Amino acid sequence: MATSNPSREAILARIRDGLRTPSPPLPAQTFSGPIFDSVVNLLERFQQECKANLMECLLTADSAGSAQALAQVLQSLPEGEVFVQDDPALRRLMSASGSARQVRWSSQGGPAEKSQATVTLADALVAQTGSVFVSASCGGRGASVVAPCHIVYATAKQLVPDLVTALRNATADGRLDRNSYACVISGSSRTADIEKILVQGAHGPMRLVVIVEASV
Amino acid sequence: MSASSTRPTAAGESPSTLTPAQKFLRDAATKSADLVHREIIRKNMDSYDAAHMRGRARIKDWEAARRRCQEIKREAINHLDKYLLQFEQKVLERGGHVFWAATGDEACAYIKDLAVSRGVKTVVKSKSMVTEEMHLAPVLEEQGIRVWETDLGEFIVQLRNEAPYHIVTPAMHLNRQQIRDLFREKLGEDIADADPQKLVALARRKLREAFFAAEMGISGANFLVADSGAVAISTNEGNGRLSTSLPRIHVAVTGIEKVIPRLEDLGTLWPVLATSGTGQPITTYGTLAGGPRRLGEADGPEEFHVVLLDNGRSSLLANAEEREVLHCIRCGACLNICPVYRNIGGHTYNTTYPGPIGSVLTPHLRGREFQHLSYASSLCGACTSVCPVNINLHHHLLHNRRDFTSAGGAKSGERTQFKLWRMAMLHPRLFALGGWMMRRSLRLLYGMGLAGTALDPLRAWSRKRTPVPLPSQSFRSRWKKDLGRNSGGNE
């Protein structure tokens with residue numbers, strides 16, 4: 001049903017009227033160099049930024065190593081269900097990890113409130129900021145925020161140098177047209193609202209673990 | 001426990017016979033003499049200053065970053081109709097709704113009607129200054145809807161029935177002991193050692209129940225991305241993500257000026273906003289919400305509404321000289337550096353937007369009654385020096401003063417004083433005579449111990465401070481005898 005919008009035309013008319021007088025020109029200034037440092041070694045930079053963001057970055061050589069890393073992370077968590085994005089790669093990984101935990105797959109709906117961890121893929125990894133780019137296709141919206149631990153399985157090939165590139169790619173490949181949601185995640189949930197003291201695990205995950213596999 | 005948010009805000013102050021200007025002066029005097037408040041703010045601001053400078057150092061060319069952000073916002077504001085329509089088109093294509101509200105009341109009515117018609121009983125809100133501006137929570141609560149502020153700072157001030165103290169850190173004015181006491185009283189649990197970790201865990205536990213119970217999530221927006229039709233929300237806590245993921249309805253409420261042209265613009269705006277807001281390289285969650293849950297997605301809201309609020313912004317847009325005030329990205333950097341804000345605190349302004357940006361903006365949004373805020377500045381320019389989108393804040397304060405006095409806003413006494421001042425400046429002998437008389441009379445007055453009394457023309461300063469030492473001779477005579485010669489100048 002179309003939204004009734006009695007003020008829409010009046011607001012647009014006021015905007016157009018107001019813009020008839022042009023803004024004063026900007027003072028001339030030229031900046032020739034880049035705004036941000038260029039990223040040379042993507043993986044190295046990503047690892048550094050993960051550390052600064054209080055994320056855990058686990059490098060693995062192959063899928064067997066990734067399964068082992070996943071198994072170790074899952075073993076370190078309290079007992080309980082895990083939520084996993086329903087993707088063939090993650091079904092294989094979960095199976096190879098040998099985990100006996102109860103699994104709720106994203107094809108069954110969003111994660112339960114009591115999930116101990118969520119396991120998802122990522123659309124991209126951003127070296128400049130140590131970020132994980134996820135969209136709704138990575139297990140849905142709650143997959144990266146509901147549980148106390150979020151585990152991301154990615155490959156080194158998914159690394160992009162900076163945010164601008166990640167966002168430009170998302171526009172170019174129509175990712176936001178295909179998904180209702182996306183998020184650039186740069187660490188665990190946190191707050192400094194009490195005396196500016198950093199506390200992890202405000203509302204979302206206390207741990208963000210990224211398993212980066214070198215070769216796929 | 002109570003989550004009532006019928007808290008006073010700028011427009012919702014308890015009835016008072018004082019004008020906003022009188023109240024401002026009274027509260028400023030009280031707050032600047034409150035040593036506990038001063039110590040809390042000093043500690044918080046020191047921490048912010050250090051993080052902010054570290055953050056700026058991480059960006060290779062900070063001035064180029066500011067300029068880029070300025071250019072992005074300028075392009076958006078100077079083509080506001082075009083980008084808003086592009087944004088709207090994208091949202092509609094994805095099955096979302098866009099409502100254009102001329103006033104805060106119109107926006108509140110739309111959200112209230114939506115909530116009532118969908119049988120909403122519980123709302124979770126992530127931080128949004130625009131919803132503070134339009135006083136949304138009390139409107140929903142009048143319908144029996146429980147409204148939970150989910151940002152920790154907002155949750156704390158909601159429990160205290162207070163307005164946010166700061167646009168980024170709403171509970172900056174409280175220490176951990178005060179928060180411990182508040183939680184004991186309102187949540188019924190005692191964290192004896194007031195450990196921030198435990199206090200946060202308690203709030204997490206309580207708010208989690210609300211996140212999973214709520215039928216409607218209300219968020220603000222840091223940016224509206226025109227080419228993607230996405231609402232960009234920056235949060236560190238993840239409350240913005242939960243509010244927009246779990247409830248079956250998501251309503252994003254924001255001002256029309258928040259639109260930006262392209263998704264990739266966030267590649268500069270996000271790091272600059274985070275650096276200016278908290279000193280972080282980037283905020284933990286940069287969320288992009290672009291519509292209701294799509295077929296095949298595991299979760300997400302069934303309905304997505306964007307409320308675009310004008311509420312005086314289009315009038316400010318028509319003022320080409322001050323149009324750039326609409327570039328503001330609400331980082332709070334100008335509040336943090338402002339010597340006035342640091343001394344009088346956020347609540348003294350009695351406005352939704354405090355500090356220098358609030359002092360510039362509020363008279364435009366709320367009218368002449370708030371013109372006194374144009375004078376809540378020493379015009380030192382610190383605010384302008386840190387603004388990440390290069391808004392010339394202290395000049396706009398001067399513009400507002402000029403417009404106010406030109407429109408006959410100055411008191412007759414003030415006008416007379418300036419007439420006398422002008423006359424003296426145009427007649428050097430008269431100026432010298434005036435100076436001589438002032439020195440003599442003040443010396444006599446202070447000699448009689450009457451400094452700071454009603455007879456003292458410098459009472460505003462000296463009633464609470466040591467009187468200014470009186471010079472033995474005028475600047476003019478010192479210049480003639482000594483200063484002028486030493487500096488190689490002549491009179």
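Taking the stretch B:200-234 on its own, how many of its residues are farther than 30 Å from residue A:15 by Cα and facing chain A (nearest Cβ under 10 Å)? Show your work before the answer.
Taking the stretch B:200-234 first, the residues farther than 30 Å from residue A:15 by Cα are B:200-216.
Narrowing the set further to residues that are facing chain A (nearest Cβ under 10 Å) leaves B:200-201, B:203-204, B:207-209, B:211-212.
Result for the stretch B:200-234: 9.
I need the full set of residues from the stretch A:34-76 which are among the charged types (D, E, K, R) and more than 30 Å from residue B:64 (Cβ to Cβ), in order please.
Selection gives A:56, A:62.
Is the stretch A:174-182 home to any residue that is more than 9 Å from every other protein chain (Cβ to nearest Cβ) and of a type in the set (Lys, Arg)?
Initially, the stretch A:174-182 is screened for residues more than 9 Å from every other protein chain (Cβ to nearest Cβ), giving A:174-175.
From what's left, of a type in the set (Lys, Arg): A:175.
Yes, the conditions are met somewhere in the stretch A:174-182.
Output the number of residues of the stretch B:169-180 satisfying the condition of being surrounded by 21 or more Cβ atoms within 10 Å (Cβ to Cβ), facing another protein chain (nearest Cβ under 10 Å) and under 23 Å from the mean Cα position of the chain (by Cα). So that I can check it myself, show each step before the final result.
From the stretch B:169-180, those surrounded by 21 or more Cβ atoms within 10 Å (Cβ to Cβ) are B:169-174, B:179-180; that's our starting set.
Checking the rest, the ones that are also facing another protein chain (nearest Cβ under 10 Å) come to B:169-172, B:174, B:179-180.
In the following step, the residues that additionally are under 23 Å from the mean Cα position of the chain (by Cα) were identified as B:169-172, B:174, B:179.
Selection size over the stretch B:169-180: 6.
Kindly provide the set of residues from the stretch A:117-162 that are part of a loop (DSSP other than H, G, I, E, B) and more than 8 Å from chain B (Cβ to nearest Cβ), ordered by number. Let's see the steps before the verdict.
At the first step, the residues of the stretch A:117-162 found to be part of a loop (DSSP other than H, G, I, E, B) are A:122-123, A:127-130, A:136-141, A:145-148, A:161-162.
Passing the criteria: A:122, A:123, A:127, A:128, A:130, A:138, A:147, A:148, A:161.
I'd like the full set of residues that are under 24 Å from residue A:5 (Cα atoms) and either among the acidic types (Asp, Glu) or without any contact (Cβ under 8 Å) to a residue 40 or more places away in the chain (or both), limited to the stretch B:303-332.
Within the stretch B:303-332, B:303, B:310, B:318 meet the criteria.
Residues in the stretch A:22-42: is at least one in contact with a strand residue (DSSP E or B) (Cβ under 6 Å, 6 or more places away or on another chain) and buried (at least 16 other Cβ atoms within 10 Å of the Cβ)?
Yes.
Can you work out which of the residues in the stretch A:191-208 that are crowded, with 24+ Cβ neighbours inside 10 Å and either in a strand (DSSP E or B) or touching a Lys or Arg at 6+ places or on another chain (Cβ under 9 Å) (or both) is farthest from the other protein chains (Cβ to nearest Cβ)?
Restricting to residues being crowded, with 24+ Cβ neighbours inside 10 Å and either in a strand (DSSP E or B) or touching a Lys or Arg at 6+ places or on another chain (Cβ under 9 Å) (or both), the top hit is A:208.
Out of B:153, B:144, I need the residue that is out of contact with any helix residue (DSSP H, G or I) (no Cβ under 6 Å at 6 or more places or on another chain), more than 27 Å from residue A:179 (Cβ to Cβ) and not in a helix (DSSP H, G or I). Which one? It would help to see each step written out before you state the result.
Numbers: B:153 fails: not in a helix (DSSP H, G or I).
Every option except B:144 fails the conditions.
Which members of the stretch B:25-49 meet the condition of being within 10 Å of chain A (Cβ to nearest Cβ) and of a type outside the set (Val, Ile, Thr)? Don't jump to the end; show me each part of the working.
Initially, the stretch B:25-49 is screened for residues within 10 Å of chain A (Cβ to nearest Cβ), giving B:40, B:43-48.
Result: B:43, B:44, B:45, B:46, B:47, B:48.
For the stretch A:49-65, which positions are in contact with a helix residue (DSSP H, G or I) (Cβ under 8 Å, 6 or more places away or on another chain) and either aromatic (Phe, Trp, Tyr) or within 30 Å of residue A:37 (Cβ to Cβ) (or both)? Please lay out each step first, then the result.
Initial filter on the stretch A:49-65 (in contact with a helix residue (DSSP H, G or I) (Cβ under 8 Å, 6 or more places away or on another chain)): A:56-60, A:63-64.
Listed by number, the residues that qualify are A:56, A:57, A:58, A:59, A:60.
Step by step: first the residues of the stretch B:65-85, then only those that are buried (at least 19 other Cβ atoms within 10 Å of the Cβ) and more than 9 Å from chain A (Cβ to nearest Cβ), then the one that is farthest from residue A:36 (Cα to Cα). Which residue is that?
Here the residue is B:83.
Residue B:117 - would you say it is touching a helix residue (DSSP H, G or I) at 6+ places or on another chain (Cβ under 7 Å), more than 25 Å from residue B:324 (Cα to Cα) and either crowded, with 16+ Cβ neighbours inside 10 Å or more than 9 Å from every other protein chain (Cβ to nearest Cβ) (or both)?
Numbers: touching a helix residue (DSSP H, G or I) at 6+ places or on another chain (Cβ under 7 Å): no; more than 25 Å from residue B:324 (Cα to Cα): yes; either crowded, with 16+ Cβ neighbours inside 10 Å or more than 9 Å from every other protein chain (Cβ to nearest Cβ) (or both): yes.
No: the conditions fail for residue B:117.
Is the stretch B:181-188 home to any residue that is within 27 Å of the chain's Cα centre (by Cα) and surrounded by 24 or more Cβ atoms within 10 Å (Cβ to Cβ)?
Within the stretch B:181-188 (the criterion being within 27 Å of the chain's Cα centre (by Cα) and surrounded by 24 or more Cβ atoms within 10 Å (Cβ to Cβ)), the answer is no, since none of the residues qualifies.
Only one of (1) surrounded by 24 or more Cβ atoms within 10 Å (Cβ to Cβ); (2) of a type outside the set (S, T, N, Q); (3) more than 16 Å from residue B:249 (Cα to Cα) is not met by residue B:125, so which one is it?
The failed condition is (3).
Name the one entry in A:8, A:91, A:101 that is more than 10 Å from chain B (Cβ to nearest Cβ), of a type in the set (Lys, Arg) and free of Cβ contacts under 8 Å to residues at least 24 places away in the same chain. Quick ask: steps written out before the conclusion?
Values: A:8 fails: more than 10 Å from chain B (Cβ to nearest Cβ); A:101 fails: free of Cβ contacts under 8 Å to residues at least 24 places away in the same chain.
Result of the check over A:8, A:91, A:101: A:91.
Can you find a residue in the stretch A:207-216 that is basic (Lys, Arg) and touching a residue at least 60 places away in the same chain (Cβ under 8 Å)?
Within the stretch A:207-216, one or more residues are basic (Lys, Arg) and touching a residue at least 60 places away in the same chain (Cβ under 8 Å).
No value in this document is a laboratory result; all are computed from the given coordinates. Because the structure is predicted, anything quoted here is derived from the model rather than measured. Note: ideal-geometry Cβ built from the backbone for every residue, glycine included; neighbour counts use all protein chains shown.
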